[in-house]
Amino acid sequence: MSDYNTKFASRIGAVGLKHFNASELLSRTAGKNKFGTKNSKPPEKLWDNIIPTIIVLDALREHLGKTINLVSIYRSEAYNQASSDSSTGYTGRAKTSQHMAFTAIDFKVAGMACTEVEKILKEWSNSGKMFHSPVMFERKAEKVAAGNIPFGELPRLWKLGPFGVWFAFKGYIHAYPSENFTHIDTRGMTSKMSE
């Protein structure tokens, strides 16, 4: 295993997830999109950005008791913007997508409509449901050619002594019925702005 993979596995392993692991979070980073552009692994400076997102998704898996398949996680800027028309970029994806900041996951729940999944997550977000991380994490802003990726109200650093941190889930949730997947991110704001 490469040094990168070992360090990433150690960081994600410290989170104590019940249903997901580091390999799953990197599973889509070696592929190419339909334009032949290869994705890459998230830079180390962004690793902590995925921690609140995967904690919420881990809790959802526990709550539902159903398999969750991760469809899209980190996207490099080149991968996200690839297009057959280099002057416009890929129009099907936001130019300041949260996937490029490593805060977003698109996923499918086995045997469940994405609209039902969206409803549960929106209830959690609207109610201010709290989640616990056994490790402190520092969220980092990311800038791409199209501008700053929207980054909201949550403090970038959470501290709560030696017992980890608590955080409220605040992000964007959206169901895509045509492909039956759900988008979740923990950008720290609930408005759409960009996915």
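The values are calculated or read from the model by the stated rules, or taken from the named source; none is laboratory data. Since this is a predicted model, take the numbers as computed values, not measurements. Ideal geometry is used to build each Cβ from the backbone, glycine not excepted, and the neighbour counts take in all protein chains shown. For accessibility, only protein heavy atoms count, side chains too; no ligands or nucleic acids. Shrake-Rupley method; radii C 1.70, N 1.55, O 1.52, S 1.80 Å.
Suppose the chain between ASN148 and SER127 were pulled fully straight at 0.36 nm per residue; how much longer would it get relative to their current alpha carbon spacing? Write down the numbers at each step before the final one.
Values: separation 21, 0.36 × 21 = 7.56 nm, distance 2.82 nm.
Extra length available between ASN148 and SER127 comes to 4.7 nm.
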#### Entry: In nm, spacing of pseudo-spin labels at LYS32 and ALA141 (7 Å Cα→C-beta vector)
3.6 nm
### Message
Given axes a ≥ b ≥ c from the Cα gyration tensor, I'd like to know whether segment 1-151 is rounded (a/c under 1.5), prolate (a/b larger than b/c) or oblate.
### Response
prolate
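From the helices alone, meaning DSSP H stretches of at least four residues, give me the mean residue ellipticity at 222 nm for the chain, per-run term -39500 (n - 2.57), in deg cm²/dmol to the nearest 500. Numbers along the way, then the final one.
On the way: 5 runs with 50 residues, N = 195.
It lands at -7500 deg cm²/dmol.
At a 1.4 Å probe radius, carbon and sulfur cover how many percent of the accessible area of the chain?
With neighbouring chains kept in place, the figure for the chain is 51 percent.
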### Task
Report the trypsin sites (Lys or Arg not before Pro) located in segment 26-129 that are in a DSSP loop and have at most 15 other Cβ atoms inside 10 Å of their Cβ, or state none.
LYS34, LYS66, LYS129
## Note on the structure
Length-normalised contact order of the chain, Cα under 8 Å, at least 6 apart, in percent, tallies to 22 percent
## Note on the structure
Between LYS129 and residues 5 or more places away or on another chain, the pairs with built amide H atoms under 5 Å apart involve PHE169
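Can you give the local net charge around TRP47? Use residues other than it whose beta-carbon is closer than 11 angstrom to its beta-carbon, Lys and Arg +1, Asp and Glu -1.
Numbers: positive: LYS7, ARG11, LYS41, LYS45, ARG139, LYS140; negative: GLU44, ASP48, GLU138.
Summing Lys and Arg as +1 and Asp and Glu as -1 gives +3.
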### Message
Using 31 Å as the Cα-Cα cut-off, could you pick out the over-long pairs in LYS34/LYS129; LYS18/LYS45; LYS18/LYS41; LYS18/LYS95?
### Response
LYS34/LYS129; LYS18/LYS95
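At 18 Å minimum axial length over the Cα atoms and a Kyte-Doolittle cut of 0.0, report the qualifying DSSP H helices in the chain, or say none. Don't jump to the answer; show the numbers that get you there.
Numbers: long enough: 50-64 (21 Å, 1.23); 114-127 (20 Å, -0.71).
Result, helices passing both filters: 50-64.
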### Task
Return the long-range amide H neighbours of PHE181 (sequence gap of 5 or more, or a different chain), with a cut-off of under 5 Å between placed amide H atoms.
TYR176
